[in-house]
């Protein structure tokens, strides 16, 4: 796939059907659990680092959607206080219902452009968030995310490839119905990144040695950032 798609996803449209949007958020939670490797990535980055520190710890989840990963993190790491940020009031309402009764999680309505107004956190995380942005917004957004992180920034997103597109299309045709997940999932891959492409988009977003971009399985591009650099980390 030679270049990123520019078409907006259906779930990002303000007039998209709320019922289909909620089903999409439920299906994305299932996808995150079984297909994306996000839990494994969190376990070996943020959770591994947190276990070497003294609680409490704080984490900002940017573009948190239905907060399924925040709920998983809260169950795995006592002492972790999580702030979930999403720009869509419908997703925020759904997430607040899901997180009701979980005092470790706060769900806030807010856009990526407001990151610099937020307090700092020990950890900042985003899953499948960057591909929703246009190219020119990626570097300043990642810079703002790194600026909120005291210890570690972890971003995972989609690798743009024909193979990823073909495999997801087969999966979606069998399992994803009654939502935007099938159409938006294919479009998300077309809006995804090549590692060298994302590294180029992030040139100048942080001081040298503070960001790493790498490809990981399954079909993911991962950005890891450390405010003071990775020497001795």
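Read-outs: derived from the displayed coordinates by stated rules, not from any lab. On a predicted model such as this, the values are computed, not experimentally measured, just so you know. Here Cβ is always computed from backbone atoms with ideal geometry, including for glycine, and neighbour counts include all displayed protein chains.
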Post the alpha-carbon centroid distance, region 170-233 to region 89-119, in whole angstrom. 22 Å
Options (i) 58, 34, 34; (ii) 49, 43, 41; (iii) 45, 43, 29 are given for Cα extents along the principal axes in Å, and the computed one is (iii)
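Among the DSSP beta bridges whose two residues both lie in the chain, what percent are antiparallel, rounded to the nearest 5?
Numbers: 12 of 34 bridges.
Percent antiparallel among DSSP bridges in the chain is about 35.
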If you consider only alpha-carbon coordinates, what radius of gyration and Dmax does region 67-144 have, in Å? 13.0, 39
Listed with the fewest Cβ neighbours within 10 Å leading, 145, 1 appear as 1, 145
Could you pull the Cα extents of region 99-154 along its three principal axes, largest to smallest, in whole Å? 39, 23, 20
